[in-house]
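Report on the structure given below.
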Amino acid sequence: MSNDENRPGNTTGPTTSVITKVKPKTKRPNLYRVLILNDDYTPMEFVVHVLEKFFQKDVEAATKIMLHVHHHGIGECGVFTYEIAETKVTQVMDFARKHQHPLQCVMEKK
């Protein structure tokens with residue numbers, strides 16, 4: 001018969017534990033592209049104004065994006081975290097409606 005408790009080297013007394021601190025991994029937030037879509041009614045000057053007002057683009061950068069939208073049907077205004085992108089889309093859409101333009105602004109996950 002074998003009794004493991006009585007074998008030499010077996011300690012049944014208190015044991016010591018080491019507590020290791022686990023550093024939580026921080027995940028970068030998802031990013032979203034804010035895009036303006038082309039339409040046949042919104043004036044080019046209005047699109048440039050929107051890009052300056054809501055995306056802090058200078059006239060040259062805003063004009064370049066507006067022309068890209070005009071020629072390709074879509075253009076990127078910027079890349080933001082979800083909350084900021086959502087806010088900018090809402091601001092642009094509200095501003096366009098207030099000025100009676102059908103301008104569309106959307107966001108997509110990058």
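The values are calculated or read from the model by the stated rules, or taken from the named source; none is laboratory data. Note that the coordinates shown come from a computational prediction; the quantities given were computed from them, not determined experimentally. All Cβ positions, even for glycine, are placed from backbone atoms using ideal geometry, and neighbour counts span all protein chains on display. For accessibility, only protein heavy atoms count, side chains too; no ligands or nucleic acids. Shrake-Rupley method; radii C 1.70, N 1.55, O 1.52, S 1.80 Å.
By the rule of a C-alpha distance below 16 Å, with chain neighbours fewer than 8 residues away ignored, the lysines paired with residue 57 are 88. Pairs of C-alpha atoms in the chain farther apart than 25 Å represent 43 percent of all such pairs. Taking the 1.4 Å solvent-accessible surface of the chain as the whole, the part contributed by carbon and sulfur is 53%. Against the main long axis of the alpha-carbon atoms of the chain, helix 44-55 sits at an angle near 30°. Rounded to 0.05, the FRET efficiency of the residue 108 and residue 61 pair, given R0 = 25 Å and the Cβ-Cβ distance, is 0.75.
In the chain, helices alone account for a calculated mean residue ellipticity at 222 nm of -12500 deg cm²/dmol, with every DSSP H run of four or more residues adding -39,500 (n - 2.57).
Taking every protein chain into account, the accessible area of the chain amounts to 78 square angstrom per residue (probe 1.4 Å).
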